[in-house]
Structures are given as structure tokens and as C-alpha cells.
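This is the structure I want to talk about, given as C-alpha cells.
The values are calculated or read from the model by the stated rules, or taken from the named source; none is laboratory data. What you see is a predicted model, and the numbers here were worked out from it, not measured in a lab. Quick reminder, even Gly has a Cβ in these numbers, built from the backbone with ideal geometry, and neighbours come from all protein chains shown. Keep in mind that these areas ignore ligands, DNA and RNA; they rest on the heavy atoms of the full protein, side chains included. Shrake-Rupley method; radii C 1.70, N 1.55, O 1.52, S 1.80 Å.
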Amino acid sequence: MGKVVMYGSVSVDGFVADENDQPGPLFDWLTGGDVPLDESGVLKVSRASHDYTRQYWDEIGVTIAGRRVFDLTDGWDGKPPSGIDHVVVVTHRPAPEGWDSDAPFHFVDGIEAAVAQAQELAGDLVVEIAAGDVGGQALAAGLVDEVRMDVVPVVFGSGRRFFGSVHAQHLLEDPEVVLQGNRVLHLRYRVRR
């Protein structure tokens with residue numbers, strides 16, 4: 001099975017969105033460069049960010065997100081983001097009324113069940129868990145192998161925390177990657193077991 005990675009862009013003070021669920025400048029680094037990151041032509045990053053991010057994106061088989069993110073993005077119009085094959089949505093509610101049942105989205109109750117289904121779907125590829133409440137739940141449950149952060153030079157002061165509502169201490173190894181891009185610092189840590 002592939003590894004489970006908690007991932008997201010984050011402010012220097014540890015937030016993935018402000019109190020109104022707005023990411024502000026957290027994704028500016030994805031459009032502030034000159035190297036295309038995908039075929040859309042919209043995402044352009046620095047060469048360093050491209051080489052790091054593109055390789056990682058190519059390893060992802062499934063993304064796990066919470067219902068809040070799913071609702072905020074309108075379910076990405078039924079098309080998983082960044083070319084991912086499947087999205088597992090952690091939720092206590094069913095799919096929205098009129099949702100296309102052929103879309104590669106799976107609605108699962110509980111983080112353990114979501115990770116198990118995502119690993120089955122991903123095979124040897126990476127299972128990515130969106131940072132925030134769902135990612136924090138997975139970390140607290142001991143289901144995360146690696147934490148990846150794209151740290152953006154902004155301070156929010158308050159909002160949605162990268163690690164959600166995790167209140168216990170969790171040790172990470174020393175960073176395996178510390179890479180500077182344009183307006184972003186890419187960090188990668190293994191979770192200490």
C-alpha cells in the first residue's frame with residue numbers, strides 16, 4: 001500500500017483558511033511563476049516548486065477531503081482536482097441531491113473507514129489527506145505517514161488550523177525536504193512512530 005500524506009498550503013501561523021473559509025494568498029504561489037504545473041495553463045510556478053510539486057502530484061492516487069471542502073468547492077464539479085483518480089469525502093451525510101453517481105467520489109462516514117477505502121482505491125499510490133479537521137483526525141488516529149506543508153509568507157491570526165482540532169503532541173522527524181520556491185517554502189516531514 002502507498003503511504004498516507006497530510007498536505008496543504010498553510011500560513012506561517014498555521015492556518016489553511018481564514019475564519020470565512022477563504023484561503024487568501026495561500027495559493028498565489030501556484031500562479032506566480034513561469035513554469036506550467038499542469039495542462040490548464042493557469043497553474044504556473046517556479047522551477048523549484050514545479051519539480052517538487054509535479055513529482056508529488058504524479059504519485060497521488062486518491063485524495064481524502066472533508067465535507068466542508070467538498071461543499072466549498074461544489075465537489076469540483078464532479079471532477080477530482082489535479083488529475084487525481086478518486087476523492088473520498090469524509091461525511092456523516094449522503095451525497096448531495098442530484099449528484100452524479102458515476103463521478104469518482106466516495107462518501108464515507110469516519111476517518112478510519114475513509115483511509116481504508118482510499119488505500120484500497122490507491123493501491124501503491126499515495127493517499128493524500130487534505131490538511132484541516134480531516135487531516136488532523138487522521139494524524140490523531142495514527143493513520144498519517146508523512147506531513148507536507150507549503151508554507152506561505154502570510155499571517156492570518158485566526159481561521160482554520162492546518163492540524164484541525166488536534167490537541168495532543170505528535171512528533172515528526174527532522175524535515176526531509178526544505179525547499180524554497182517563489183513566495184512558498186515546501187516542507188516534508190515523516191511522522192515519528
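Calculate, in nm to one decimal, what residue 112 and residue 97 gain on full extension: separation in residues at 0.36 nm each, minus their alpha carbon distance.
Between residue 112 and residue 97, full extension yields 2.9 nm more.
Here is a further query. Sorted by average packing, counted as other Cβ atoms within 10 angstrom per residue and highest first, what order do 146-155, 68-77 take?
Highest mean packing first, the order is 146-155, 68-77.
Residue by residue through region 167-182, which ³J(HN,Hα) values in whole Hz follow from phi under the Karplus form 6.51 cos²θ - 1.76 cosθ + 1.60 (θ = phi - 60°), with glycine and proline marked x?
Ordered by residue, 3J(HN,Hα) equals 10, 8, 6, 9, 7, 10, 6, 4, x, 7, 9, 9, 9, 8, x, 7 Hz.
Counting only protein heavy atoms, what percent of the accessible surface of region 45-193 is carbon or sulfur at a 1.4 Å probe?
Heavy-atom surface of region 45-193 belonging to carbon and sulfur, 1.4 Å probe: 48 percent.
Along the positive direction of the dipole of the chain (beta-carbon charges: Lys, Arg +1; Asp, Glu -1; about the Cα centre), which of 55, 164, 115 reaches farthest?
Comparing the listed Cα positions along the dipole, 164 ranks first.
I would also like to ask the following. Grab the DSSP H runs of the chain that are 4 residues or longer, score each as -39,500 (n - 2.57), total them, divide by all residues and round the 222 nm result to the nearest 500 deg cm²/dmol.
The helix contribution divided over the chain gives -6000 deg cm²/dmol.
Residue-wise, which Karplus ³J(HN,Hα) couplings in Hz belong to region 105-116, taking 6.51 cos²θ - 1.76 cosθ + 1.60, θ = phi - 60°, and x for glycine or proline?
Each residue of region 105-116 in turn: 10, 10, 9, 10, 8, x, 5, 4, 5, 5, 5, 4 Hz.
While we're looking at this one, here's another question. Decide, for region 9-117, between rounded, prolate and oblate: order the square roots of the alpha carbon gyration tensor eigenvalues as a ≥ b ≥ c, take rounded if a/c falls under 1.5, and otherwise choose prolate if a/b is larger than b/c, else oblate.
prolate
Where the centroid of each part is defined by its Cα atoms, how far is region 136-168 from region 72-96 in Å?
Value for the Cα centre distance between the two parts: 20 Å.
Could you list which residues have their amide H under 5 Å from that of residue 162, counting only those 5 or more apart in sequence or on another chain, with H placed in the peptide plane?
For residue 162, the qualifying residues are 15, 16.
Oh, and also: Assign unit charges at the C-beta atoms only (+1 for Lys and Arg, -1 for Asp and Glu), then state the dipole size of the chain relative to its Cα centre in Debye, rounded to the nearest 20.
So the dipole magnitude of the chain works out to roughly 560 debye.
Another question about this same structure. What percent do you get for the relative contact order of region 125-193 when only Cα pairs under 8 Å and 6+ apart count?
38
Also, quick follow-up: Quick one: ranking 128, 173 by accessible area, 1.4 Å probe, largest first, what do you get?
173, 128
Give, in nm to one decimal, the length gained when the segment between residue 190 and residue 166 is fully stretched (0.36 nm per residue of separation minus the Cα-Cα distance).
Result for the pair: 6.9 nm of gain on full extension.
Additional query: With N set to the residue count of region 1-58, report its C-alpha Rg divided by 2.2 N^0.38 Å to two decimal places.
For region 1-58, the normalised Cα radius of gyration comes out at 1.27.
Rounded if a/c is under 1.5, else prolate if a/b beats b/c, else oblate: with a ≥ b ≥ c from the C-alpha gyration tensor eigenvalues square-rooted, which is the chain?
Rounded.
Can you give me the long-range amide H partners of residue 107? Hydrogens built in the peptide plane at 1.01 Å from N, cutoff under 5 Å, separation of 5 or more residues or another chain.
Here the answer is 89, since their amide H atoms fall under 5 Å of that of residue 107.
Of 151, 65, 22, which is farthest towards the positive pole of the chain's charge dipole, taken about the Cα centre with +1 and -1 on the beta-carbons of Lys, Arg and Asp, Glu respectively?
Most positive-ward Cα: 151.
Which cross-chain or sequence-distant (5 or more) residues have an amide H under 5 Å from the amide H of residue 129, H modelled 1.01 Å from N in plane?
It is 5, 6, 7, 64, by chain and number.
Write down the accessible area per residue of region 16-73 in Å², having rolled a 1.4 Å probe over the full set of protein chains.
On a per-residue basis, region 16-73 sits at 49 Å².
In nm, what is the difference between 0.36 nm times the number of residues separating residue 174 and residue 141 and their Cα-Cα distance?
9.8 nm
Please list, in order along region 88-99, the HN-Hα scalar couplings obtained from phi with the Karplus expression 6.51 cos²θ - 1.76 cosθ + 1.60 (θ = phi - 60°), rounded to whole Hz, x for Gly and Pro.
These are the phi-based 3J(HN,Hα) values: 9, 9, 7, 7, 9, 10, x, 4, x, 3, x, 5 Hz.
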